[in-house]
Amino acid sequence: MYIEEKQLRDFIRDSGLISRRDFDAMVEKADEEGKSIGETLVKNGKLDEDELRKVEAYILGIPFVDLKTQKIDFEVLSLIPEPIARNHNIISFKKEGDSLEVAMLDTDDLAAIDFVKKKVHLKILPRLTDSASIKSVLLQYQKSLKAEFGDIIKKESVEIKSIPDGGVEGKDTPSKETLKKLAEDLPVVKIVDTLLKHAILQNASDIHIEPHEAQVVIRYRIDGILHDTMVLPKNVSDSITARIKVLSNLKLDEKRLPQDGRFKVETGSEKVSFRVSILPTHFGEKTVMRLLKDSVSGFTLEGLGFHGTSLEYLHKALRAHTGMILTTGPTGSGKTTTLYTMIDLLNTPDVNISTVEDPIEYQMARVNQTQVKPEIGFTFSSGLRSLVRQDPDIIMVGEIRDNETASLAVNASLTGHLVLSTLHTNSASGAIPRLLDMKIEPFLIVSTLNVVIAQRLVRKLCDSKEKYFLNKAGIETLAKSVDLDRVLKALKEENIVPAKANWEDVPFYKPRESEECKDGYGGRIGIHEVLPVTQEIKDMIIQGKTSGEIEDYARKSGMLVMIEDGIFKAAQGLTTIEEVLRVVSE
């Protein structure tokens, strides 16, 4: 199915897809670089990949199919397993007799065609499609699986045997052997496996299993918001908890004390770790599981939401061989992901990177990661003390919690190491009084601190968003919370809006429900404030200025605070004003 270069050039020139002048310029460029005309047109933005695929389909005589609005029968769809469909961009969408029509982005992917042929024992008819169609159909897998999971759980929960419950007093508590037998019962295994797989498919960050008086409520945290997912009969509570305890290697017969553990599952092409916390409550043991994808590579600082001068300050700090970079924010604000992304950028063969963490949330190749164990006296401070004797170039400390860890981190950065860590403060400037509170001398802070990042996560809008413009009253209301002049200046500097634009000309967006996004949001992005510790700020720290005074000076020097960065991203169409105000006010 090879297309001759001359044939492709002749067709594009005569098709009118791009102007003759642009076409001639692209031909010249393709010849200079020794590339095909198709590759050159896509690279220079004259055609997108989907338009080029349609051209190739027409020349080759292969039908082009648009599946964006097509509902595919689940029996036909599931002929190709979801991981294969996702990894090879191949969808089965129509079956007639002994033939199966499959939609692909690359009809030359013979390995995928051969795999499907061997699996379904049917004649395969490849069709070209676009990436939006593939994305739309992959969502149908999730919806169909959700319905299927609901049926499995409903059916299996009926079959679970009920066991005597000792209640709050703990009378007639089942033995360890009874609980173990219960945990290995097939219906229980199916229910727990289903819950885990469904949570992974939904991109949940946490699973909450909450026993109540008459039922068990399952909730998933998706994009930072908790959603009720399923309600199960009360009799399944002990069985599910026992199964999770078996997976996490926890004590089955301990129901009075909290327990923490972890386990790992492999699904499709990815491994997911589950961090388990079990807490006794009035109606039984509540279980919360945090989902952690094993690989964090592939993130970029730009992808996390850093931009403009903030991004420049970060890259400058990462080029330094000594000093400290701190990320601050509450639990669940994405601090760890930011740290790992920076570690990923620094992770080259010529440096030794060592970490001390609690827990190790992501495993990284070529990084020496250490898990603290407070119960045996192996704390952040003792781990950090040992790390500096391991000849590291870069050290990551999961969290600075106490005076000793803070002192050791500062000393490590003074003695030729780059130290990355996190603090629990509400703003970037708030990190300085927090370090002073931990008995770190001001002259040590100014000698070591390079940059401080404060962050939160906001939900991202889906493509189905609805455009609108603020009226005069809306602009005046927003101006009470945000310095709009500074935000507009930043938008103009980064060419997001035209140089002569006013706020009346800047489009904002509202969430709109769609098949893909139930509430109009999908995924999250960071809003940040990045405080570079410049010479002027160092002088202010030595002079004992407050965090408010330091923040005021940083803002006058061009730093966007979190709420301003949020409005910046709302003006980009990434999120909504309401979402930014919700998160920052929290």
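The values are calculated or read from the model by the stated rules, or taken from the named source; none is laboratory data. Source: prediction; values computed, not measured. Don't worry about glycine lacking a Cβ; one is built from the backbone with ideal geometry, like all the others, and counts go over all protein chains shown. SASA here: full protein model, heavy atoms, side chains in, ligands and nucleic acids out. Shrake-Rupley method; radii C 1.70, N 1.55, O 1.52, S 1.80 Å.
See the values below:
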{"quantity": "Tabulated pairs, segment 554-566, first within 13 Å of L581 (Cβ to Cβ) and touching a residue at least 40 places away in the same chain (Cβ under 8 Å), second in a helix (DSSP H, G or I) and aliphatic (A, V, I, L, M), C-beta under 6 angstrom, 6+ apart or interchain", "calculated": "M562/V584; I563/V584; E564/V487; G566/V580"}
{"quantity": "Top-ranked residue in segment 197-222 [being charged (D, E, K, R) and open to solvent by 30 Å² or more (accessible area, probe 1.4 Å); ranked as nearest to R582 (Cα to Cα)]", "calculated": "R221"}
{"quantity": "Failed item, numbered, when I343 is tested on (1) of a type in the set (V, I, T); (2) under 21 Å from K264 (Cα atoms); (3) in contact (Cβ under 8 Å) with a residue 60 or more places away in the chain", "calculated": "(2)"}
{"quantity": "Filter result (in a helix (DSSP H, G or I) and either open to solvent by less than 10 Å² (accessible area, probe 1.4 Å) or without any contact (Cβ under 8 Å) to a residue 24 or more places away in the chain (or both)) within segment 491-531", "calculated": "L491, K492"}
{"quantity": "Failed item in (1) farther than 13 Å from T287 by Cβ; (2) surrounded by fewer than 18 Cβ atoms within 10 Å (Cβ to Cβ); (3) in contact with a Lys or Arg (Cβ under 8 Å, 6 or more places away or on another chain), with V188 passing the rest", "calculated": "(2)"}
{"quantity": "Helices (runs of 4 or more DSSP H) wholly inside segment 11-124 that include at least 3 residues being closer than 30 Å to Q140 by Cα", "calculated": "49-60, 74-77, 82-88, 110-120"}
{"quantity": "Index of the failed condition, F23 passing every other in (1) closer than 20 Å to L105 by Cα; (2) crowded, with 17+ Cβ neighbours inside 10 Å", "calculated": "(1)"}
{"quantity": "Selection status of S421, open to solvent by 10 Å² or more (accessible area, probe 1.4 Å) and of a type in the set (G, A, S)", "calculated": "no"}
{"quantity": "Those residues of segment 252-276 which are free of Cβ contacts under 8 Å to residues at least 24 places away in the same chain, open to solvent by 70 Å² or more (accessible area, probe 1.4 Å) and over 23 Å from Q363 (Cα atoms), in sequence order", "calculated": "L257, P258"}
{"quantity": "Output for segment 317-347, where each listed residue is touching a Lys or Arg at 6+ places or on another chain (Cβ under 9 Å) and of a type outside the set (G, A, S)", "calculated": "T327, T328, P330, N347"}
{"quantity": "Criterion: in contact (Cβ under 8 Å) with a residue 40 or more places away in the chain and surrounded by fewer than 16 Cβ atoms within 10 Å (Cβ to Cβ) - qualifying residue of E33, E56, E39, E49", "calculated": "E49"}
{"quantity": "Lone qualifier among E536, E549 - being touching a residue at least 12 places away in the same chain (Cβ under 8 Å), out of contact with any strand residue (DSSP E or B) (no Cβ under 8 Å at 6 or more places or on another chain) and surrounded by fewer than 18 Cβ atoms within 10 Å (Cβ to Cβ)", "calculated": "E536"}
{"quantity": "Where a residue in segment 377-395 is under 16 Å from R366 (Cα atoms) and its partner, wherever it lies, is at pLDDT 90 or above and among the hydroxyl-bearing types (S, T, Y), with Cβ under 8 Å and at least six apart", "calculated": "L387/S354; L387/T370; Q390/S354; P392/S354; I394/S354; I395/S354; I395/T355"}
